[in-house]
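The values are calculated or read from the model by the stated rules, or taken from the named source; none is laboratory data. Being a predicted model, the structure only gives us computed values, none of them experimental. Here the Cβ is made from the backbone with ideal geometry for all residues, glycine too, and neighbour counts use every protein chain on show.
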Amino acid sequence: MHTFIKLLFNAITLAGIMVLSPMAMGESDQDNACAGSCSAQARVAFTINVPGFLRFQVGSLASIDDVTFNVPANNVGDASVVMANIGGDVAAGILTAKIAGNVGQITITETNNGGGEGILGTGTMMQVTQNAIPYTDISCSSNDSDLVAPSLSDSGGNTSTPTLQGGSGVTQRSAEWTYTYLNTTVVEQDKYSGQVTYTATDP
Amino acid sequence: MKGRYQIFLTAVLLSCFLPAHAVTIVVSGLPNDQLRIRVGSTGSGINVVTFNVPVGQIGNGVPITGTPQILVRVTARSAVANSKTATLTANSLTPMMSAGGDTIPFTTINWTTSDGDIPAGAFDGSNTQSLLTFQNSRSIENTHTFHYSNVNVVPTGTYTGRVTYTLSMP
């Protein structure tokens with residue numbers, strides 16, 4: 001009889017443990033003694049951390065492209081457009097332009113090293129008045145209207161805004177920018193040289 | 001538990017040396033149908049799986065593994081004479097959202113598992129995605145490792161959201 005009671009007690013105790021064992025922690029739920037349909041729910045949360053970035057390329061990755069226009073003597077200042085002879089990672093006068101970022105609307109700004117005087121003649125550096133060609137005589141066209149270069153100017157500061165992707169804060173654009181010399185002014189014989197810097201900024 | 005009851009019954013018969021009468025064992029105090037679900041580690045509150053996308057890999061298609069791994073355990077019980085089918089579903093309808101209002105759908109999240117008891121898969125962005133069905137009474141569990149597909153460049157931000165797991169039985 002003693003053995004019977006002891007064993008019976010143990011059996012009930014085990015059953016009790018199965019039913020009443022402490023709930024494991026974390027998000028948990030239980031539906032006990034449900035009659036009919038039962039349900040229990042638990043949740044898990046997710047977090048994705050995405051940092052901001054901005055990448056911008058004009059021309060060759062590892063060097064500054066030197067785009068050169070050799071104006072025929074018979075065409076100086078006659079407004080005939082002069083194509084580039086050398087310089088450019090795609091072809092003479094043609095540069096790759098790429099921009100990517102996830103930081104909202106990007107603005108591209110042009111500046112130059114001419115001090116507001118234009119493209120300066122290197123043969124007249126010691127003169128009071130240096131020969132100069134206005135930056136407005138350098139035209140840049142794009143093969144993608146979603147990524148155009150800002151118009152060049154002697155003072156610098158012109159801007160362009162690449163088109164965002166579907167209205168989101170993301171930009172992923174690629175184009176080819178082609179430079180030509182508009183040759184609108186008769187200028188003195190000289191070698192004219194200048195450097196343009198494009199700067200991409202986020203809001 | 002069935003094995004333990006069998007041993008118990010045999011021990012009772014042997015120890016009591018009862019005459020040839022039927023023995024009735026009444027097990028009382030157990031509930032009717034019962035369901036239990038646990039998602040996450042020990043501790044209180046909702047576990048958070050975090051994905052940190054390196055700046056040089058945003059949207060490059062290389063999956064990002066989240067931490068921590070998540071334990072998923074489901075238990076369903078009903079009487080043997082009234083055995084039922086339990087179903088585990090997931091609600092991933094509401095996408096993850098940043099403070100700026102940009103969203104990442106849960107269809108970009110998939111998981112691998114420590115074994116095949118609860119299958120690996122990917123959220124389908126619905127409110128009743130079936131993950132597992134099983135006949136009770138059983139307890140099933142395994143550990144889930146979640147991955148973010150990272151196939152799109154998305155606006156910068158911290159995106160948060162929740163998935164609700166539901167264990168149900170008719």
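Details
- No other residue among B:Asn150, B:Asn127 is facing another protein chain (nearest Cβ under 10 Å) and either of a type in the set (A, V, I, L, M, F, W, C) or out of contact with any Lys or Arg (no Cβ under 7 Å at 6 or more places or on another chain) (or both) apart from B:Asn150.
- Tally, over the stretch A:138-188, of residues that are surrounded by 17 or more Cβ atoms within 10 Å (Cβ to Cβ), more than 18 Å from A:Gly93 (Cβ to Cβ) and acidic (Asp, Glu): 1
Residue-wise test of (1) among the hydrophobic types (A, V, I, L, M, F, W, C); (2) more than 25 Å from A:Thr185 (Cα to Cα); (3) buried (at least 20 other Cβ atoms within 10 Å of the Cβ); (4) modelled with pLDDT of 95 or more.
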residue	(1), (2), (3), (4)
A:Ala91	yes, yes, no, yes
A:Gly101	no, yes, yes, yes
A:Ile119	yes, no, yes, yes
A:Thr136	no, no, no, yes
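- Residue check for A:Thr111: assigned to a strand (DSSP E or B), out of contact with any Asp or Glu (no Cβ under 6 Å at 6 or more places or on another chain) and surrounded by fewer than 17 Cβ atoms within 10 Å (Cβ to Cβ): no
- The number of residues in the stretch A:161-191 being more than 18 Å from A:Thr96 (Cβ to Cβ), among the hydroxyl-bearing types (Ser, Thr, Tyr) and touching a Phe, Trp or Tyr at 6+ places or on another chain (Cβ under 9 Å) comes to 1.
- Residue match in the stretch B:127-142 (condition: touching a helix residue (DSSP H, G or I) at 6+ places or on another chain (Cβ under 9 Å), buried (at least 17 other Cβ atoms within 10 Å of the Cβ) and over 13 Å from B:Val163 (Cα atoms)): yes
- Looking only at the stretch A:44-97, residues that are within 14 Å of another protein chain (Cβ to nearest Cβ) and either without any contact (Cβ under 8 Å) to a residue 40 or more places away in the chain or under 19 Å from A:Ile119 (Cα atoms) (or both) come to 7 in all.
- Looking across the stretch B:59-108, not a single residue is loosely packed, with under 13 Cβ neighbours inside 10 Å and closer than 16 Å to B:Arg36 by Cβ.
- Residues that are modelled with pLDDT of 95 or more, farther than 22 Å from A:Leu147 by Cβ and of a type in the set (S, T, N, Q), drawn from the stretch A:39-73: A:Thr47, A:Asn49, A:Thr68, A:Asn70
- Taking the conditions (1) in a strand (DSSP E or B); (2) within 11 Å of chain A (Cβ to nearest Cβ); (3) out of contact with any helix residue (DSSP H, G or I) (no Cβ under 8 Å at 6 or more places or on another chain) in turn, B:Gly101 satisfies each one other than (1).
- Taking every residue in the stretch B:150-170 that is within 22 Å of A:Cys38 (Cα to Cα) and pairing it with any residue that is assigned to a loop (DSSP other than H, G, I, E, B) and at pLDDT 95 or above, at least 6 positions away or on another chain, the pairs with Cβ-Cβ distances below 6 Å are B:Val163/B:Ser92.
- B:Thr94 vs. criteria assigned to a strand (DSSP E or B) and either farther than 16 Å from A:Thr47 by Cβ or within 12 Å of another protein chain (Cβ to nearest Cβ) (or both): no
- Filtered by the rule that a residue be outside any strand (DSSP E or B) and either in contact with a helix residue (DSSP H, G or I) (Cβ under 9 Å, 6 or more places away or on another chain) or at the interface with chain A (Cβ under 10 Å from one of its Cβ atoms) (or both), the stretch B:61-79 gives B:Gly66, B:Ser78.
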